[in-house]
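S.K.: Here it is, the structure, as structure tokens.
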Amino acid sequence: MKMDTYKSMCEKMKTSEEMDGRIQENVMNYSARKGKINYIYYAYRIAAAVAVLMIMLQVQPVRAAINNVISHFTNQFEIVWKDKESTVVEMQGDYLEISPKAKKKECKMDSLSQISKQIGINLLESAEAYEIKNCISYYPYVSDSGALNGIMLIDHCYAMGDLKNVKMKTSADISRGSSVSYEKGEKYSSPIIMQITIRSNQSDQVDYDNHELEYAGANWNLTEGDGISDINIREVEGLGINAVMFTVESSGPIEWYSEGIEENETFTTAMFIYEGIEYIYNGAVSQDTMVEFLNTLK
């Protein structure tokens with residue numbers, strides 16, 4: 001069954017006097033609520049978002065981010081394995097200077113290199129990228145005062161690997177996703193989805209009610225045996241970083257169509273931060289194949 005769009009219903013947290021004191025010490029506090037979702041958190045902003053099944057510990061930032069007290073954000077992964085052993089992995093990202101020439105309206109773009117030049121920020125690109133006209137959805141987050149708080153980029157078909165007979169159609173209409181049909185390969189049973197989140201140093205009027213961009217960072221609660229399996233911390237030698245990886249069962253976005261595809265496939269999700277930017281990749285490939293793909297990023 002295809003997955004429906006998930007919409008956040010979280011309410012804004014009010015800070016206490018104790019929190020205000022911690023703000024002065026540049027410490028972030030969070031009020032969390034656990035819940036299962038079928039889409040990457042930001043799915044409500046787009047017609048067809050990245051199809052990832054996970055458990056996310058949704059977090060609310062406090063006044064530290066609003067006042068721009070700190071210059072970094074932190075994504076935290078609380079991992080609980082089947083044997084009840086647990087660990088916490090933290091990844092620090094940066095609030096970046098985005099070019100004033102960056103687009104402030106949602107649109108489709110043709111390639112990451114095109115976007116990099118426009119926003120003035122280098123983005124990781126793969127030599128194996130499948131980029132055609134209007135293949136990348138560009139979602140800017142603009143405050144009421146016109147400040148560009150950040151940008152999210154989505155490509156449902158960023159890498160095709162060894163898929164066969166690939167046929168893809170795109171549209172300049174931001175409300176319409178790309179459609180693709182294909183036959184499975186030996187390593188790839190689906191395309192690899194890409195989601196990139198860039199947080200700007202322009203923090204004016206960030207929409208915290210709707211967790212816009214998870215501007216102050218997010219906590220992810222990953223527990224094996226609850227829809228998630230094979231949680232690992234994998235080294236990506238080509239980038240010199242570690243990625244958090246896990247496996248879920250999913251049917252993928254509705255835009256995908258494959259001859260002989262099963263109702264659910266085994267999907268691998270990889271998440272990491274590189275040079276201050278958050279990257280998420282997801283596809284019906286093994287974790288070893290995902291690592292191979294990540295090593296093509298430069």
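S.K.: Hey, among the residues in the stretch 153-180 that are of a type in the set (D, E, K, R) and surrounded by fewer than 18 Cβ atoms within 10 Å (Cβ to Cβ), which one's farthest from E214 (Cα to Cα)?
M.R.: The extreme case among them is K164.
S.K.: Restricting attention to the stretch 99-136, which residues are farther than 26 Å from G238 by Cβ and in contact with a Leu (Cβ under 7 Å, 6 or more places away or on another chain)?
M.R.: A102, K104
S.K.: Looking at G150, G217 in this structure, which one is open to solvent by less than 40 Å² (accessible area, probe 1.4 Å) and in contact with a helix residue (DSSP H, G or I) (Cβ under 6 Å, 6 or more places away or on another chain)?
M.R.: So the residue among G150, G217 that is open to solvent by less than 40 Å² (accessible area, probe 1.4 Å) and in contact with a helix residue (DSSP H, G or I) (Cβ under 6 Å, 6 or more places away or on another chain) is G150.
S.K.: Counting only residues that are in contact with an Asp or Glu (Cβ under 6 Å, 6 or more places away or on another chain) and either free of Cβ contacts under 8 Å to residues at least 40 places away in the same chain or more than 30 Å from D83 (Cβ to Cβ) (or both), give me the strands (runs of 3 or more DSSP E) lying completely in the stretch 170-283 with at least 2 of them.
M.R.: Filter on the stretch 170-283 gives 179-183, 192-199.
S.K.: Which residue pairs have Cβ atoms closer than 7 Å, lie 6 or more positions apart in sequence or on different chains, and pair a first residue in the stretch 73-98 that is over 30 Å from I119 (Cβ atoms) and open to solvent by 70 Å² or more (accessible area, probe 1.4 Å) with a second residue that is in a loop (DSSP other than H, G, I, E, B) and of a type outside the set (V, I, T)?
M.R.: K82/E224; K82/G225
S.K.: Now, a different point. Scan the stretch 137-162 for residues that are touching a Lys or Arg at 6+ places or on another chain (Cβ under 9 Å) and touching a residue at least 40 places away in the same chain (Cβ under 8 Å) and report the count.
M.R.: 10
The values are calculated or read from the model by the stated rules, or taken from the named source; none is laboratory data. Just so we're clear, the structure is a prediction, and the values are computed from it rather than from any experiment. Cβ coordinates were reconstructed from backbone atoms using ideal geometry, including for glycine residues, and neighbour counts include every protein chain displayed. Areas reflect the complete protein model, heavy atoms only, side chains present, ligands, DNA and RNA absent. Shrake-Rupley method; radii C 1.70, N 1.55, O 1.52, S 1.80 Å.
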